[in-house]
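K.L.:
Just dropping this structure here.
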Amino acid sequence: MTLIQRHIRSRSIPKRWFGSNRPSGSAASSLQLRVKERIHEIDASTPFSHHLRDTFNRKHDYLRISLTERCNLRCFYCMPSEGVELSPDGKLLANEEMLRLATLFVKSGVTKIRLTGGEPTVRKGIVDIVGSLNKLQRYGLKSIGMTSNGLALHRRLPLLVQNGLTHLNLSLDTLDPLKFELITRRRGHDAVLKALDVALSLPLASVKLNVVVIKNLNDSEVLDFIDMTKDKPFSVRFIEFMPFTGNKWDKKKMVKSSELLERIRVRHPNVQRASDELNDTARSWIIPGHEGSFGFISSMSDHFCASCNRLRLTADGQIKVCLFDANEVSLRDKLRTGASDDELLETIGRAVAGKKEKHAGMEDIDVRQCIIHAVYCTERNFWVVGKTRRVSRMARFPRQHTPAHMIPTHALSVGALRLYSTAAHLTHLDEHGRASMVDVSDKAAIRRSATASGRILIPKAAYHLITSSYPLEAEEHSREQNIEDVGVAKARRKGDALNVAQLAAIMGAKQTSTLIPLCHPLSLSSINVSLVPKVSKTASGWSYSIRCTATVTCEGKTGVEMEALTAVSVGLLTVWDMLKAVAGGDMEIGRIMVTDKSGGRSGDFHRQSSSEE
């Protein structure tokens, strides 16, 4: 049911006029005029809050609410195969909190709500949530939409529609069941198609199919999707592959909407441009004789920032004003400190006022998350160098250390960050940007272990010095003293370089919380450190190095990756100090990294070694 039809049904204008018996000529024109006047009256009688209007005079009357971080698929462009660390339940919005915020937004002018995730259907009580939101019609809410992967939807969909669901977007990137399993790492292609058939049998105002187009993966199926609309009244929306760092985005993998349209024109030269709603993200097209339609969401090649009317509420209660802006403001924290509606509106207003005129272009976009489930699964976890945590703002990062090897090195596009997908904040900063220790009180004390390694390149002379037995003191004094011998003597007077470095590494691990300000002091169970001299053949000759490896374990509430990394760093620095008399300018420390981890919410991992290591 369209917006105009909703207004008309509640007034005295006969609904049958929108069927085959609609008036024509001057009567129709008169009707349209009266309808427009009535809509204007309704809009005028419902003031739009200035808190939802940004500095570029854009009215934000569309709210996307993420119900969960969880998903029952593992799409390769959205998350790792083993999933991501989830926020503790206490950090997520409760139903009552979400409903209070939704009510506040609707009373302020929001007319459209869309439920996203993760996958919204995995949220317990989803049917009741829709029913509760439907009661907001009395405050001006006109539609409730949902974006779903459809995997577990077809049985629930009739009840969802009965409770007030009006719009449905299904995500399906391929019509090939085998390719579906490759993309999502799960089975369920038939279930999605079944959900589509059920949706088309129900009185939904619109049904759309979202297809993320990736070159040489599924772009050859575009015409097949178009063919589906010939006898079925739904819209296919082709979405440009977006660069969420960590999803292996490459400009070469993106197919511009203009290119897809040309392909479609070859088979359907009579394709026609359709009218779009004012704030529609898609550019719509119709083919005469087709019941359905198709469109393009060109976020990369032709952004639609000027007409953007969207706000996003994350599962943990952060308000996000732009998909490509990592900044977020916590409404959850305000709620839980007893803020009034007016205080919440002021917070919302400040966030909206900070919205930029447009996001960066395709070449320069500052990517930090994956929030549009209409395109990808939303409200995921960012993956950062060595860590993962839910990210809500530019200054928020993951909760537990995570394998850096899971993030392709070519995915770096924002300084030194390797991000994987959605919104949270640097956990060592509070909402005001001040340093703050992470609260681990809700975590269980379990066995945790981490191994780190690194190496120091040294010259041949230094290598032989630490691997050969020391001469007797009398022999040393009897040798002719030259400059090199003086350096060797200085190094030897400091003692066995590797033993000293081993002890220093162990002491360094114990002092991690002292050296790194916001690290938790931990009672370590064991610290094992080894320093091994290595000789390897390279293209330019022989390479000499000392590899330091440290394994640290504890029974605690947080991981020991930092302790392992500190041990390695201090150990290698000690080797440097021990050998600087003979090799000061020729040494190089590098490749310090976590190689193994076990325990904690983010799971275990093992970093595969490379020839360079």
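The values are calculated or read from the model by the stated rules, or taken from the named source; none is laboratory data. This is a predicted model, so every value here is computed, not measured. Heads up, the Cβs are rebuilt from the backbone with ideal geometry, glycines too, and the neighbour counts pull from every protein chain shown.
K.L.:
Would you point out which residue out of L202, L159, L182 is surrounded by fewer than 16 Cβ atoms within 10 Å (Cβ to Cβ), out of contact with any helix residue (DSSP H, G or I) (no Cβ under 7 Å at 6 or more places or on another chain), over 21 Å from I286 (Cα atoms) and among the aliphatic types (A, V, I, L, M)?
P.N.:
Working: L202 fails: out of contact with any helix residue (DSSP H, G or I) (no Cβ under 7 Å at 6 or more places or on another chain); L159 fails: out of contact with any helix residue (DSSP H, G or I) (no Cβ under 7 Å at 6 or more places or on another chain).
None of the others qualify; the one that does is L182.
K.L.:
What's the number of the only condition in (1) out of contact with any strand residue (DSSP E or B) (no Cβ under 6 Å at 6 or more places or on another chain); (2) farther than 25 Å from S340 by Cα; (3) free of Cβ contacts under 8 Å to residues at least 60 places away in the same chain that T103 fails to meet?
P.N.:
(2)
K.L.:
If you check every pair at least six apart or on different chains, which have Cβ atoms under 6 Å apart with a residue in segment 509-534 that is of a type in the set (S, T, Y) first and a residue that is modelled with pLDDT of 90 or more and assigned to a strand (DSSP E or B) second?
P.N.:
S525/T553; S525/C554; S526/T553; S530/T549
K.L.:
When the residues of segment 497-533 are filtered to those that are of a type in the set (G, A, S) and part of a helix (DSSP H, G or I), which remaining residue is modelled with the lowest pLDDT? Reasoning before the result, please.
P.N.:
Keep residues of segment 497-533 that are of a type in the set (G, A, S), which gives 497, 501, 504-505, 508-509, 513, 523, 525-526, 530.
Subset that is part of a helix (DSSP H, G or I): 497, 501, 504-505, 508-509, 513.
Numbers: A497: 86, A501: 94, A504: 95, A505: 96, G508: 95, A509: 95, S513: 91.
Checking each candidate, the answer is A497.
K.L.:
Would segment 82-96 turn up any residue that is of a type in the set (D, E), in contact (Cβ under 8 Å) with a residue 60 or more places away in the chain, surrounded by 17 or more Cβ atoms within 10 Å (Cβ to Cβ) and farther than 22 Å from V192 by Cα?
P.N.:
Yes: segment 82-96 contains one or more residues that are of a type in the set (D, E), in contact (Cβ under 8 Å) with a residue 60 or more places away in the chain, surrounded by 17 or more Cβ atoms within 10 Å (Cβ to Cβ) and farther than 22 Å from V192 by Cα.
K.L.:
Now for a different question. Determine, yes or no, whether L204 is modelled with pLDDT of 95 or more, hydrophobic (A, V, I, L, M, F, W, C) and assigned to a strand (DSSP E or B).
P.N.:
So L204 fails the test.
K.L.:
For segment 270-289, state whether one or more residues are touching an Asp or Glu at 6+ places or on another chain (Cβ under 6 Å), surrounded by fewer than 19 Cβ atoms within 10 Å (Cβ to Cβ) and modelled with pLDDT of 75 or more.
P.N.:
Yes: segment 270-289 contains one or more residues that are touching an Asp or Glu at 6+ places or on another chain (Cβ under 6 Å), surrounded by fewer than 19 Cβ atoms within 10 Å (Cβ to Cβ) and modelled with pLDDT of 75 or more.
K.L.:
Taking segment 320-346 as the search range and keeping residues that are over 20 Å from S108 (Cβ atoms) and of a type in the set (S, T, N, Q), which one is modelled with the lowest pLDDT?
P.N.:
Filtering segment 320-346 for residues that are over 20 Å from S108 (Cβ atoms) and of a type in the set (S, T, N, Q), the one modelled with the lowest pLDDT comes out as N327.
K.L.:
Here are the criteria: (1) assigned to a loop (DSSP other than H, G, I, E, B); (2) surrounded by fewer than 17 Cβ atoms within 10 Å (Cβ to Cβ). Tell me which single one R138 does not satisfy.
P.N.:
Unmet for R138, out of (1) assigned to a loop (DSSP other than H, G, I, E, B); (2) surrounded by fewer than 17 Cβ atoms within 10 Å (Cβ to Cβ): (1).
K.L.:
Which one of these is at pLDDT below 90, surrounded by fewer than 16 Cβ atoms within 10 Å (Cβ to Cβ), within 32 Å of the chain's Cα centre (by Cα) and more than 30 Å from E85 (Cβ to Cβ): S611, S536, S540? Outline the logic, then answer.
P.N.:
Values: S536 fails: within 32 Å of the chain's Cα centre (by Cα); S540 fails: within 32 Å of the chain's Cα centre (by Cα).
Exactly one residue qualifies, and that residue is S611.
K.L.:
Just to be sure, is L165 crowded, with 19+ Cβ neighbours inside 10 Å, of a type outside the set (G, A, S) and under 27 Å from the mean Cα position of the chain (by Cα)? Before you say what the answer is, go through the steps one by one.
P.N.:
Details: crowded, with 19+ Cβ neighbours inside 10 Å: yes; of a type outside the set (G, A, S): yes; under 27 Å from the mean Cα position of the chain (by Cα): yes.
Against the criterion (crowded, with 19+ Cβ neighbours inside 10 Å, of a type outside the set (G, A, S) and under 27 Å from the mean Cα position of the chain (by Cα)), L165 qualifies.
K.L.:
Let me ask you something else. Filter segment 293-305 down to residues that are touching a strand residue (DSSP E or B) at 6+ places or on another chain (Cβ under 6 Å) and either without any contact (Cβ under 8 Å) to a residue 60 or more places away in the chain or part of a helix (DSSP H, G or I) (or both) and give me whichever is surrounded by the fewest Cβ atoms within 10 Å (Cβ to Cβ).
P.N.:
Looking at residues that are touching a strand residue (DSSP E or B) at 6+ places or on another chain (Cβ under 6 Å) and either without any contact (Cβ under 8 Å) to a residue 60 or more places away in the chain or part of a helix (DSSP H, G or I) (or both), I get S298.
K.L.:
Moving to a separate point now. Checking the condition hydrophobic (A, V, I, L, M, F, W, C), closer than 20 Å to P269 by Cβ and outside any helix (DSSP H, G or I), which residue from V236, V222, V213 passes?
P.N.:
Just a single option satisfies the conditions, and that option is V236.
K.L.:
Please specify each residue of segment 109-122 satisfying the condition of being within 15 Å of L160 (Cβ to Cβ) and buried (at least 20 other Cβ atoms within 10 Å of the Cβ). Spell out the reasoning first.
P.N.:
So the first thing to find is which residues in segment 109-122 are within 15 Å of L160 (Cβ to Cβ), and the list is 113-117, 119-122.
Scanning segment 109-122 gives I113, R114, L115, T116, G117, E119, P120, T121.
K.L.:
Continuing with this model, one more query. Taking the stated definitions as given, is T512 of a type in the set (S, T, Y) and either surrounded by fewer than 22 Cβ atoms within 10 Å (Cβ to Cβ) or out of contact with any Cys (no Cβ under 8 Å at 6 or more places or on another chain) (or both)?
P.N.:
So T512 does not fit the description; no.
K.L.:
Looking only at residues in segment 306-344 that are outside any loop (DSSP other than H, G, I, E, B) and of a type in the set (V, I, T), which one is surrounded by the most Cβ atoms within 10 Å (Cβ to Cβ)?
P.N.:
I319
K.L.:
From (1) under 26 Å from S340 (Cα atoms); (2) touching a Cys at 6+ places or on another chain (Cβ under 8 Å), pick out the condition that doesn't hold for E119.
P.N.:
So E119 meets the others, but not (1).
Here is a yes/no grid of residues against (1) of a type in the set (G, A, S); (2) at pLDDT below 95; (3) outside any loop (DSSP other than H, G, I, E, B); (4) on the phi < 0 side of the Ramachandran plot:
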site	(1), (2), (3), (4)
R74	no, yes, no, yes
S81	yes, yes, no, yes
G118	yes, yes, no, no
L133	no, no, yes, yes
G145	yes, no, yes, yes
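K.L.:
Name the residues in segment 568-608 that are within 15 Å of L457 (Cβ to Cβ) and modelled with pLDDT under 80, would you?
P.N.:
If the condition is that a residue be within 15 Å of L457 (Cβ to Cβ) and modelled with pLDDT under 80, then G584 is the only one that fits.
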